[in-house]
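All remarks here apply to the structure that follows.
The values are calculated or read from the model by the stated rules, or taken from the named source; none is laboratory data. Only a predicted model underlies this, so the values are computations on that prediction, with no experimental measurement involved. All Cβ positions, glycine included, derive from the backbone under ideal geometry; neighbour counts span all protein chains shown.
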Amino acid sequence: MNNNYIEQKKNTHLYFQIGKNKYAVNSENVLEIMKLPALDYPQKLPNNIIGLLKYNNFVINIVDIRFYLDIEVTPYNSHNELIIVKTDEVIFGIITDRVIGILPFNSALVDQIPFVDNKMIIESLYKFNNETIFIVNLYALENLLKRHDIEISDIDILSLFPQDSASKYLMTQRTHLIAEKSALRLASGELHAKNKYISFNLNKDYYCIALDYVKEVLKDTLITQVPGTPNFIEGIMNLRGDYITVINLKKFLSLPDEVISEKKPVIIVKCNELKLALLIDKINELFEYQETLQEETSESYYAKEFIYNKTLYTVLNIDRISSDKKIIITDM
């Protein structure tokens, strides 16, 4: 494993939106992304904690970082998303308006904040597409969660959650699904990226790719068609000056084209120094799945299958796909 690969993993971030601002956390700390479930709120909690969630036999805190940043906290709804993260010592959740995607951060575009201390949860800034992304220091959040001198908020936290019966029912169902999960068992040691997956749809079926291969996730992409290429090559895309071949996965895997969407979401993968953009139907979530059996090498396009949250997932064999002789890569 070379230093460049280690540096790339270190600089890969999951970025998300809360209100008008965008934030990011290192993807190595992310365990799972989920839609907002019903949370427990048994008593008065410090103003940074909006509720408790039972997650893999742990009761974890769910925080809203706006309380730390002196930003107005607007009401939540059933479309809010939680990012479950892990530091060296604790697991907790961060509520967001929406998760946008995964970005490999260029360290040259990161601006460090000179006066940051261990109580500041924003440690640096990242410039991307003329926007500023605030990089969250999860270890500062960890330290704040351990403190017992945080003031109690005058805000009625429960009033921030949706009160309509449809939202309450949906969020309660999500909580039940989380409680029923038994496949994931967190070990006391470090969680490895090989157990993390990005899931997506091809037609109505669920697939996923090991996070080791994923360099970026984009929910909509401008693709330029190239004449004379095989039908499964959708075209090329320009990613910050880097031209990448876009593979239509359904055509490549000889699947029927049942779902046609105006948006063109892609997952950018890298294997054996080859970078490809895989065109899919819909991006779903990032999650962690702990293997119970030793993996076997597969020569198929499909590495294996497993059931997670009562859904059958097929894991794509990126090594096999990227080494296929029918993929024609032309220097642009």
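Going through region 133-154 one residue at a time, which ones are at pLDDT below 90 and surrounded by 13 or more Cβ atoms within 10 Å (Cβ to Cβ)?
We begin by selecting, within region 133-154, every residue at pLDDT below 90; these are 139-154.
Matches in region 133-154: Y139, A140, L141, E142, N143, L144, L145, I150, S153.
Being touching an Asp or Glu at 6+ places or on another chain (Cβ under 7 Å) and under 22 Å from N29 (Cβ atoms) is the filter here, so list the residues in region 70-100 that pass it. Before you say what the answer is, go through the steps one by one.
Residues of region 70-100 touching an Asp or Glu at 6+ places or on another chain (Cβ under 7 Å): 73, 80, 84, 87, 89-90, 95-96, 98-99.
Answer for region 70-100, where residues must be touching an Asp or Glu at 6+ places or on another chain (Cβ under 7 Å) and under 22 Å from N29 (Cβ atoms): N80, I84, T87, E89, V90, I95, T96, R98, V99.
Among the residues of region 78-95, count how many are of a type outside the set (A, V, I, L, M, F, W, C) and surrounded by 14 or more Cβ atoms within 10 Å (Cβ to Cβ). Walk me through it before giving the result.
From region 78-95, those of a type outside the set (A, V, I, L, M, F, W, C) are 78-81, 86-89, 93; that's our starting set.
Retained after the next criterion (residues that are surrounded by 14 or more Cβ atoms within 10 Å (Cβ to Cβ)): 78, 80-81, 86-87, 93.
Of the residues in that region, 6 qualify.
Quick check on I268: is it within 20 Å of the chain's Cα centre (by Cα), modelled with pLDDT of 80 or more and either part of a helix (DSSP H, G or I) or under 25 Å from I178 (Cα atoms) (or both)?
Values: within 20 Å of the chain's Cα centre (by Cα): yes; modelled with pLDDT of 80 or more: yes; either part of a helix (DSSP H, G or I) or under 25 Å from I178 (Cα atoms) (or both): no.
Criteria not met by I268.
Assess whether S254 counts as being part of a loop (DSSP other than H, G, I, E, B), loosely packed, with under 13 Cβ neighbours inside 10 Å, out of contact with any helix residue (DSSP H, G or I) (no Cβ under 7 Å at 6 or more places or on another chain) and on the phi > 0 side of the Ramachandran plot.
Values: part of a loop (DSSP other than H, G, I, E, B): yes; loosely packed, with under 13 Cβ neighbours inside 10 Å: yes; out of contact with any helix residue (DSSP H, G or I) (no Cβ under 7 Å at 6 or more places or on another chain): yes; on the phi > 0 side of the Ramachandran plot: yes.
In short, yes.
Could we say that E262 is over 27 Å from T311 (Cα atoms) and loosely packed, with under 14 Cβ neighbours inside 10 Å here? I'd like the intermediate steps shown before the answer.
Details: over 27 Å from T311 (Cα atoms): no; loosely packed, with under 14 Cβ neighbours inside 10 Å: yes.
When the stated conditions are applied, E262 does not pass them.
For residues in region 161-199 being small (G, A, S), assigned to a helix (DSSP H, G or I) and modelled with pLDDT under 90, which is nearest to L279 (Cα to Cα)? Don't jump to the end; show me each part of the working.
The initial filter retains those residues of region 161-199 that are small (G, A, S), namely 165-167, 179, 182-183, 187-189, 193, 199.
Imposing the further condition that a residue be assigned to a helix (DSSP H, G or I) reduces the set to 165-167, 179, 193.
So of that shortlist, the ones also modelled with pLDDT under 90 come out as 179, 193.
On the way: A179: 33, A193: 23 Å.
Looking at residues that are small (G, A, S), assigned to a helix (DSSP H, G or I) and modelled with pLDDT under 90, I get A193.
Out of everything in region 200-224 that is touching a helix residue (DSSP H, G or I) at 6+ places or on another chain (Cβ under 6 Å) and not in a strand (DSSP E or B), what residue ends up being surrounded by the fewest Cβ atoms within 10 Å (Cβ to Cβ)?
D212
Collect the residues in region 236-247 that are over 14 Å from Y207 (Cβ atoms) and part of a strand (DSSP E or B), keeping them in residue-number order.
If we filter region 236-247 for residues that are over 14 Å from Y207 (Cβ atoms), which is where we start, we get 236-246.
Matches in region 236-247: I236, M237, N238, L239, D242, Y243, I244, T245, V246.
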